[in-house]
1. For region 104-215, which whole-number percentage of the solvent-accessible area (1.4 Å probe, protein heavy atoms only) is attributable to carbon and sulfur atoms?
2. Do any GluC sites (Glu not before Pro) in region 84-169 lie in a DSSP loop with no more than 14 other beta carbon atoms within 10 Å, and if so, which?
3. Mind scanning K111/K193; K108/K204; K107/K204; K99/K193 and naming the pairs with a C-alpha gap bigger than 25 Å?
4. Which values of log₁₀ I(q)/I(0), to two decimal places, follow from the Debye formula for region 55-169 at q = 0.12, 0.16, 0.17 Å⁻¹ with a uniform point scatterer at every Cα?
5. Quick one: length gained pulling T163 to T44 fully straight, 0.36 nm per residue minus the C-alpha distance?
6. Output the Kirkwood hydrodynamic radius of region 97-225, Cα pairs only, in Å rounded to one decimal.
7. From the phi of every residue in region 71-85, what ³J(HN,Hα) in whole Hz does the Karplus formula 6.51 cos²θ - 1.76 cosθ + 1.60 yield, where θ is phi - 60° and glycine or proline is x?
8. When ranked by the protection proxy of mean other Cβ atoms within 10 Å per residue, highest first, what sequence do the peptides 193-200, 121-128, 209-216 form?
Amino acid sequence: MALSPFGKKGRLVTPTDESTEQYEYLSPIQTKAKTRRIMVLGATLTAVGIVGSYALATNNAPEQIVTVTQDIPRGAVIEESQLGTMNVLNPPAQAVPYKKRSELVGKKATKDISSGQVLLSSNAAPNLPSAEQGQEIVGLQLPSSNIPVRPLKAGDRVILIPTNTGANKDSANVEAAVTGTVDTVTTVNGDTKIDVVVPEGTSKKSAFMDAVVQKKVAVLIEGAQ
């Protein structure tokens, strides 16, 4: 029995087939061309998938940013030993990449920063705002015995009492006491160095400034419980 070159998709039929269905003729050339198109399409889709997967993985990769490993009070100079790192997905816009941590060292904290927090670029500045009109800043470098056990921090209201004279209420040191606000706190050679915003003219009080030079000033936190 002779076979017809006309074939229904998937089978051949004889000339005597009385089916009314339509048939198409696929030449060997058409078949090969169709196969090539399918292969090209498959390769293209595979390439697109690989590129897309790489882009997705890159965008979702965690970034290494700077954190702090200990509390840093406002006004304190930031040291490299206080900086740590963590890997974070989608970090804050102002987060500092860990590889740029050197840009923070030596700057002053613009706010109190707690241990474990992310250190933002806005949290560090070369200098804090200067004293306002009618004020001035006096720097003191004192031993730990002259300051409270509770760490001083920027914003603390303090009373600075010279201790280079008698300590009773009738002595000159009480009269020379100065009230001010802590602006900056740091540590120098084991001493605590603080900048205090005080009333203008304080630097002209000889008794007080003599005590400052001799490191004989006691610091009391005003209103502390």
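The values are calculated or read from the model by the stated rules, or taken from the named source; none is laboratory data. From a predicted model like this one, the values you see are computed outputs, not experimental measurements. As a convention, Cβ positions derive from the backbone with ideal geometry for all residues, glycine included, and neighbour counts pool all protein chains shown. Calculation scope for accessible area: heavy atoms of the full protein, side chains included, ligands and nucleic acids excluded. Shrake-Rupley method; radii C 1.70, N 1.55, O 1.52, S 1.80 Å.
1. Answer for region 104-215: carbon and sulfur cover 50 percent of the accessible area.
2. Values: sites: E103, E132, E136; in loops: E132.
Those that pass, being in a loop and sparsely packed, are E132.
3. Working: K111/K193 18 Å; K108/K204 28 Å; K107/K204 30 Å; K99/K193 30 Å.
Beyond 25 Å: K108/K204; K107/K204; K99/K193.
4. Each listed q maps to, in turn, -0.57, -0.85, -0.92.
5. On the way: separation 119, 0.36 × 119 = 42.84 nm, distance 8.37 nm.
Full extension from T163 to T44 adds 34.5 nm.
6. For region 97-225, inverting the mean 1/r across all distinct Cα pairs yields 16.0 Å.
7. In residue order, the calculated couplings are 4, 10, x, 4, x, 6, 6, 7, 10, 5, 5, 8, 9, x, 8 Hz.
8. Working: 193-200: 18.9, 121-128: 14.2, 209-216: 15.9.
Result, highest mean Cβ count within 10 Å first: 193-200, 209-216, 121-128.
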